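Working notes, structure below.
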Amino acid sequence: MDLATIIGVIAACVTVLTAIFIGGSFSQFVDLPSLLIVVGGGLAATLVRFPLNGLLSAFGMGAKLAFTHKKIEPRELVENIAHLAETARKEGPLGLENVKIDEPTLAKGMQYVADGYDYNLIRDSMEKERDLYLTRLNEGARVYRALADSAPAFGMIGTLVGLVQMLATMDDPSTIGPSMAIALLTTLYGALIANVVCTPVADKLDSKFEQEELNQTLVIDGVLQIRENKSPSLIREMLLAYIPEKGRSNMAEAAT
């Protein structure tokens, strides 16, 4: 579980709810027509931007990666690949089949090496899988960014609807309250959906896109070097280029 995402969303909701309960009743902030305008309108506008099958898969994958995706540090991958290189050199490629590997891409790459696949075939296959995975990740960020744009816009639309209803029935004081509720709560709902959920999730997916692009490329380079039967120390040195200078220094200190 990605605790940062979960804690952030919960903390934002608790903050808003606390302010609501301190200042009044929760029921004052519940209005189904307002919620329908913001949520229904935002989803409809997002649907116009994306094909239906792509929208559903991107929305689901985006939520999964934002809330459950585990972050793997590059230096951890470097050490794992160096260990696998030592295994391949001592026991041969078939020895890799006996090693448990948690990272899916690295596990698949080691299976390719153990099966004796050609260098170019391994590279093309893994690069294609990486690019497709990153495309899906980017698509998820785009969907949440579109929702973040649409929700406040429909909040303003709901505000205009409520104002029109209120001005059209000014002669009946009993309708002013419900009309004002729609006018104000749609703006509140739109701002909350955009700033508490959609924009933070989109930013988290953008950050994970960059991290995954680095990690996947590192893994591919490591697998290809093992396929070429390069020495573990050489592979480790080559892959250190993916790690910031401070991280390299820490790894060097740990090695000594």
Pairs, please: C-beta under 9 Å, at least 6 apart or cross-chain, first residue in a helix (DSSP H, G or I) and in segment 104-128, second aromatic (Phe, Trp, Tyr) and open to solvent by 80 Å² or more (accessible area, probe 1.4 Å)?
-> Gln111/Tyr117; Ser125/Tyr117
Can you pull out the residues in segment 172-195 that are of a type outside the set (Gly, Ala, Ser) and either at pLDDT below 80 or within 15 Å of the chain's Cα centre (by Cα) (or both)?
-> Asp172, Pro173, Thr175, Ile176, Pro178, Met180, Ile182
Filter segment 45-56 for residues that are open to solvent by 70 Å² or more (accessible area, probe 1.4 Å) and in a helix (DSSP H, G or I); which is farthest from Gly158 (Cα to Cα)?
-> Asn53
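Okay, residues lined up against (1) surrounded by fewer than 18 Cβ atoms within 10 Å (Cβ to Cβ); (2) more than 28 Å from Ile220 (Cβ to Cβ):
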residue: Val9; (1), (2): yes, yes
residue: Val30; (1), (2): yes, yes
residue: Ile37; (1), (2): no, yes
residue: Leu43; (1), (2): yes, yes
residue: Gly62; (1), (2): no, no
residue: Ala66; (1), (2): no, no
residue: Asn80; (1), (2): no, no
residue: Ala85; (1), (2): no, no
residue: Ala88; (1), (2): no, no
Could you list, in sequence order, all residues of segment 78-95 that are hydrophobic (A, V, I, L, M, F, W, C) and modelled with pLDDT under 90?
-> Leu94
Restricting attention to segment 54-94, and to residues there that are without any contact (Cβ under 8 Å) to a residue 60 or more places away in the chain and of a type in the set (A, V, I, L, M, F, W, C), which single residue is nearest to Tyr242 (Cα to Cα)?
-> Leu94
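Residue under question is Gly42, and the condition is that it be more than 24 Å from Ile157 (Cβ to Cβ) and either modelled with pLDDT of 80 or more or assigned to a helix (DSSP H, G or I) (or both); does it hold? Steps first, answer last, please.
Numbers: more than 24 Å from Ile157 (Cβ to Cβ): no; either modelled with pLDDT of 80 or more or assigned to a helix (DSSP H, G or I) (or both): yes.
It is false that Gly42 is more than 24 Å from Ile157 (Cβ to Cβ) and either modelled with pLDDT of 80 or more or assigned to a helix (DSSP H, G or I) (or both).
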Could you give me the residue pairs with C-beta distances under 7 Å whose first residue belongs to segment 190-210 and is closer than 26 Å to Leu17 by Cα and part of a helix (DSSP H, G or I), whose second residue is of a type in the set (S, T, N, Q) and open to solvent by 10 Å² or more (accessible area, probe 1.4 Å) wherever it lies, and which are 6+ apart or on separate chains?
-> Lys204/Thr5
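The values are calculated or read from the model by the stated rules, or taken from the named source; none is laboratory data. Keep in mind that what you see is a predicted model, and the values were worked out from it rather than measured. Note that we place each Cβ from the backbone using ideal geometry, even for glycine, and neighbour counts take in every protein chain shown. Each accessible area value is taken on the protein alone, full model and side chains, heavy atoms only, with ligands, DNA and RNA left out. Shrake-Rupley method; radii C 1.70, N 1.55, O 1.52, S 1.80 Å.
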